[in-house]
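Working notes, beginning with the structure itself.
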Amino acid sequence: MDEVARGKAVETVEYEVEELENIFALLVLGVFVGIPSPPIQITMDLMPEMEHECAVMLAKVSTAHDPLGELFSVLDID
């Protein structure tokens, strides 16, 4: 029972961390979706922290024209 509770706690924390990363990316790169961005100096200072988010954004752009390909990549269908 303890192991199951710990597993659920870890899953919850991982989900919260992922959502906080999404919020951070939205705050820093919000100009792409119409949210006012922070001053450029702050944005540039934070860019090294945004490496993963930039990679995800570029991957989404490349699959934006192929939604079925993205679906199949998520479902791991060969």
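Each peptide in 19-29, 48-58, 5-15 gets a packing score, the mean of other Cβ atoms within 10 Å over its residues, and the list from highest to lowest is 19-29, 48-58, 5-15.
All C-alpha to C-alpha distances of the chain, sorted into 10 Å bins beginning at zero, yield P(r) values of 16, 31, 31, 18, 4 percent in whole numbers. Taking a sphere under 14 Å around the Cβ of residue 14 and counting the other residues whose Cβ falls inside, with K and R at +1 and D and E at -1, yields a net charge of -3.
Length gain on complete extension for the stretch residue 60 to residue 72, per 0.36 nm per residue less the alpha carbon to alpha carbon distance?
Working it through step by step, the gained length comes to 2.9 nm.
Based on Cβ point charges of +1 for Lys and Arg and -1 for Asp and Glu, what charge dipole magnitude is obtained for segment 2-75 about its Cα centre, in debye rounded to the nearest 20?
Value, rounded to 20: 280 debye.
Considering only 65, 41, 24, the residue lying farthest towards the positive end of the dipole of the chain is 41, judged by Cα position with unit charges set on Cβ. Report the charge-dipole magnitude of segment 1-45 in Debye, nearest 20, computed about the Cα centre from +1 at each Lys and Arg Cβ and -1 at each Asp and Glu Cβ. Dipole of segment 1-45, to the nearest 20 debye: 220 debye.
A short reminder: the numbers here are calculations on the coordinates, not readings from a lab. Note that the structure is a prediction, hence the values are computed from the model and not measured. In this analysis, Cβ positions are derived from the backbone assuming ideal geometry, glycine residues included, and neighbour counts consider all displayed protein chains.
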